[in-house]
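Trainee: Please see the structure below; I have some questions.
The values are calculated or read from the model by the stated rules, or taken from the named source; none is laboratory data. Everything numeric in this text was worked out from a predicted model, so none of it was measured. Because the Cβ atoms are built from the backbone with ideal geometry, glycine has one as well, and the counts that use them run over all protein chains shown.
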């Protein structure tokens, strides 16, 4: 990959080259943006795993787009079955959907608690939880998450929020980045991230009689929109909805360098949010970066501006 | 329906300069293809300038929106990247456009083509179109750049979504997308698509594709009958004039000139010393470098894998819509850039290296082009292993000449040709 490949994707390749993915039998990617598409090419070219598959993901959320995406998901299922000698039954898919929906429901409960004046968890802690969800077996993660939601809901712990912040933008997995912001006096009460609400927010339809592949493809195409989707207003509207529901004072918009989708959306999203009376701090950073001195200075200035605005 | 043209002064300036260049080229017999190229450039922009008085609509579009549909509907196309390229070469003030784009919030990592187009649009360098069409062909920048442009131009807009890889279901989806685009244009113009006219346009497109392949065959000759700059002219014509008699005239002029050289057993330069593959495009401020390579080093660009109608089907004018949809999956740039590399650009580059007896490759690695650059290592290694030739990577920015001075690019090319000389 080249310097203009986003650092998230270069980070993925780095792990492959360091042989951290030796346990993998295959790699599946969506045609989401230039960098993962080319990562798939590199993966295939250098034969990192025997199975490599990329499925087309339309950029629109129309009926025609859904029909295409459904066939793509069906195609992926078929290829997995053929390549690994498996049969993926509808029953197994339904069980899996149920498990993952359980995660989404629990996360929704956790996020609901963050709407209170003094939430029980910090933004950094929530990101740690989300990170765990990417790594742990899902059933085990659900059990731990259930305990966390129960405990958090008892109201025994509260985190005072001087300013309620939303963090928005590219993939973010480093809790230290958010911790750095929160140490300065802001509390991240909600996110609008690839690795946050945009990943888990909407449920898959579990209604009896609904074909599971149909349900999955509908959900993944119509989910909380990624910046790659058209029209961008779908994403902006949902971001504004979050800002209102979580009573956000300011938004920190982080764009991983060369995350072109986010970069293009950035000025339009900023204007939309500022139209709602919510100031936006824009940060351009590398994936995995924590709060460097420069970022801390800018966040500090942003919080001071919020303070001046609020007259606190 | 409106045909408001806000500001045509800069466009007129472009037309004047290009027209003067066309006249100069006309005086040199061996430059006939160049003269035709510049003439049709002039005609292209004159069409935009006269659209209003002729009661025609101007529709702006990003690269790789097939202009055939617009020609079939008697709409005047304005390909924004092409216009931006010429404007940047002719009219001073490119850095101001970048500054304007930055002020509008576009980050420096966004490809300079998109920042330039946005800057020019905000500064009203180009006339305000009656509508805007853009697409994810060929990258994320083209997919996203239209949102801001639609706002700046404040006109009706349409986003065309092309699946990433070729499949029958993908072709079906894209055909439906084209139908939607036609409905959008029908609403805009108040006229229905003339399907017979569309078939005629696609017949021109078919002939253009045949000419392209014929020219590619002629370029296999040793010595090669090719003037390096022709590839830039030719890919421009194929992008903005496809489906027109003008495009046919241009490619026929190139074909005839190349065929004459081949018949005579001559190359374009008296002594051909190096046969080079060109990967991606040279910076717009450095097009003269292509001639310099040929003049100083006898280096002839024999093929450009990103800009080739290689495989793919023949266009069937009787099925204009389906043919156009399919063409968008394999035509130059669209196919190799917006599609998997293993069955696209990597495979084609190695094949071209062998078929055209290339001795080296020059890759113009524009900092804004994430798709091209991510393939560099695969291309370099594949060319070395499978064709036994080295590849030079020239970091640059396609539109921003301040990124790397042209002198540095020429120095690196000098060194590369020394290396190639040493390998002989």
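Trainee: Take residue B:341 and tell me if it is away from every other protein chain (no Cβ under 14 Å) and either touching a helix residue (DSSP H, G or I) at 6+ places or on another chain (Cβ under 8 Å) or at pLDDT 95 or above (or both).
Mentor: On the way: away from every other protein chain (no Cβ under 14 Å): no; either touching a helix residue (DSSP H, G or I) at 6+ places or on another chain (Cβ under 8 Å) or at pLDDT 95 or above (or both): yes.
Here the answer is no, as residue B:341 does not meet what is asked.
Trainee: Something else now. For region B:383-401, how many residues are out of contact with any strand residue (DSSP E or B) (no Cβ under 9 Å at 6 or more places or on another chain) and within 14 Å of another protein chain (Cβ to nearest Cβ)? Outline the logic, then answer.
Mentor: Looking only at region B:383-401, we keep the residues that are out of contact with any strand residue (DSSP E or B) (no Cβ under 9 Å at 6 or more places or on another chain), and these are B:385-386, B:388, B:400-401.
Now drop any that are not within 14 Å of another protein chain (Cβ to nearest Cβ), which leaves B:385-386, B:400.
Summing the residues that are out of contact with any strand residue (DSSP E or B) (no Cβ under 9 Å at 6 or more places or on another chain) and within 14 Å of another protein chain (Cβ to nearest Cβ) in region B:383-401 gives 3.
Trainee: Within region A:1-29, count every residue that is more than 9 Å from every other protein chain (Cβ to nearest Cβ) and within 23 Å of the chain's Cα centre (by Cα).
Mentor: So in region A:1-29, the residues more than 9 Å from every other protein chain (Cβ to nearest Cβ) come out as A:7-8, A:10-29.
Within this subset, residues satisfying the condition of being within 23 Å of the chain's Cα centre (by Cα) are A:7-8, A:10-16, A:20-21, A:24, A:26-29.
Of the residues in region A:1-29, 16 are more than 9 Å from every other protein chain (Cβ to nearest Cβ) and within 23 Å of the chain's Cα centre (by Cα).
Trainee: Evaluate region B:118-129: report whether one residue or more is farther than 21 Å from residue B:49 by Cβ, surrounded by 24 or more Cβ atoms within 10 Å (Cβ to Cβ) and either touching a residue at least 40 places away in the same chain (Cβ under 8 Å) or not assigned by TED's automatic domain parsing to the domain that holds residue B:403 (or both).
Mentor: For region B:118-129, residues farther than 21 Å from residue B:49 by Cβ, surrounded by 24 or more Cβ atoms within 10 Å (Cβ to Cβ) and either touching a residue at least 40 places away in the same chain (Cβ under 8 Å) or not assigned by TED's automatic domain parsing to the domain that holds residue B:403 (or both): present.
Trainee: Shifting gears a bit: Looking only at region B:322-347, which residues are more than 14 Å from residue B:371 (Cβ to Cβ) and surrounded by 19 or more Cβ atoms within 10 Å (Cβ to Cβ)?
Mentor: B:323, B:324, B:325, B:326, B:327, B:328, B:329, B:330, B:331, B:332
Trainee: Assuming residue A:39 fulfils every condition listed in (1) assigned to a helix (DSSP H, G or I); (2) touching a residue at least 40 places away in the same chain (Cβ under 8 Å); (3) touching a helix residue (DSSP H, G or I) at 6+ places or on another chain (Cβ under 7 Å) apart from one, which condition is it?
Mentor: (2)
Trainee: Could you check region A:47-73 and list, in sequence order, the residues that are without any contact (Cβ under 8 Å) to a residue 12 or more places away in the chain and within 8 Å of chain B (Cβ to nearest Cβ)?
Mentor: A:64, A:67, A:71
Trainee: Here's a follow-up. Given the residues A:172, A:93, A:107, A:130, which is the only one that is surrounded by fewer than 18 Cβ atoms within 10 Å (Cβ to Cβ) and either touching a residue at least 60 places away in the same chain (Cβ under 8 Å) or in contact with a strand residue (DSSP E or B) (Cβ under 7 Å, 6 or more places away or on another chain) (or both)?
Mentor: Of the residues listed, the single one that is surrounded by fewer than 18 Cβ atoms within 10 Å (Cβ to Cβ) and either touching a residue at least 60 places away in the same chain (Cβ under 8 Å) or in contact with a strand residue (DSSP E or B) (Cβ under 7 Å, 6 or more places away or on another chain) (or both) is A:93.
Trainee: Does at least one position in region A:252-274 carry a residue that is surrounded by 20 or more Cβ atoms within 10 Å (Cβ to Cβ) and away from every other protein chain (no Cβ under 14 Å)?
Mentor: Yes, the conditions are met somewhere in region A:252-274.
Trainee: I would also like to ask the following. Report whether or not residue B:109 is within 14 Å of chain A (Cβ to nearest Cβ) and in contact with a helix residue (DSSP H, G or I) (Cβ under 7 Å, 6 or more places away or on another chain). Quick ask: steps written out before the conclusion?
Mentor: Numbers: within 14 Å of chain A (Cβ to nearest Cβ): yes; in contact with a helix residue (DSSP H, G or I) (Cβ under 7 Å, 6 or more places away or on another chain): yes.
So residue B:109 passes the test.
Trainee: Would you check if there is a residue in region A:234-247 being buried (at least 21 other Cβ atoms within 10 Å of the Cβ) and over 14 Å from residue A:166 (Cα atoms)?
Mentor: Yes; the residues of region A:234-247 include at least one that is buried (at least 21 other Cβ atoms within 10 Å of the Cβ) and over 14 Å from residue A:166 (Cα atoms).
Trainee: So residue A:87 clears everything in (1) surrounded by fewer than 18 Cβ atoms within 10 Å (Cβ to Cβ); (2) within 14 Å of chain B (Cβ to nearest Cβ); (3) out of contact with any strand residue (DSSP E or B) (no Cβ under 7 Å at 6 or more places or on another chain) except one condition, right? Which one?
Mentor: (2)
Trainee: From (1) at pLDDT below 95; (2) at the interface with chain A (Cβ under 10 Å from one of its Cβ atoms); (3) closer than 19 Å to residue B:83 by Cα, pick out the condition that doesn't hold for residue B:126.
Mentor: So residue B:126 meets the others, but not (2).
Trainee: For a quick check of your reading: which helices (runs of 4 or more DSSP H) sit entirely within region B:334-419 and have at least 3 residues that are over 22 Å from residue B:109 (Cβ atoms)?
Mentor: Details: elements: B:334-337, B:345-355, B:370-373, B:376-382.
Output list reads B:334-337, B:345-355, B:376-382.
Trainee: Can you work out which of the residues in region A:266-291 that are more than 16 Å from the chain's Cα centre (by Cα) and over 27 Å from residue A:310 (Cβ atoms) is modelled with the highest pLDDT?
Mentor: It comes out as A:286.
Trainee: Which helices (runs of 4 or more DSSP H) does region A:196-281 wholly contain that include 1 or more residues that are under 26 Å from residue A:119 (Cα atoms)? Steps first, answer last, please.
Mentor: Numbers: elements: A:197-200, A:212-222, A:233-245, A:260-275.
Counting at least 1 such residues, we get A:197-200, A:233-245, A:260-275.
Trainee: I'd like to check something: does region B:203-213 contain any residue that is surrounded by 20 or more Cβ atoms within 10 Å (Cβ to Cβ), more than 30 Å from residue B:286 (Cβ to Cβ), in contact (Cβ under 8 Å) with a residue 24 or more places away in the chain and within 19 Å of the chain's Cα centre (by Cα)?
Mentor: So far as region B:203-213 goes, yes, one or more of its residues are surrounded by 20 or more Cβ atoms within 10 Å (Cβ to Cβ), more than 30 Å from residue B:286 (Cβ to Cβ), in contact (Cβ under 8 Å) with a residue 24 or more places away in the chain and within 19 Å of the chain's Cα centre (by Cα).
Trainee: Out of region B:153-180, which residues are surrounded by fewer than 19 Cβ atoms within 10 Å (Cβ to Cβ), facing another protein chain (nearest Cβ under 8 Å) and touching a residue at least 40 places away in the same chain (Cβ under 8 Å)?
Mentor: Selection gives B:165 alone.
Trainee: Another one. On the basis of being out of contact with any helix residue (DSSP H, G or I) (no Cβ under 9 Å at 6 or more places or on another chain) and more than 9 Å from chain B (Cβ to nearest Cβ), does residue A:76 make the cut?
Mentor: Answer is yes for this residue.
Trainee: Scan B:52, B:10 and give me the residue that is surrounded by fewer than 23 Cβ atoms within 10 Å (Cβ to Cβ), modelled with pLDDT of 90 or more and closer than 18 Å to residue B:127 by Cα.
Mentor: B:52
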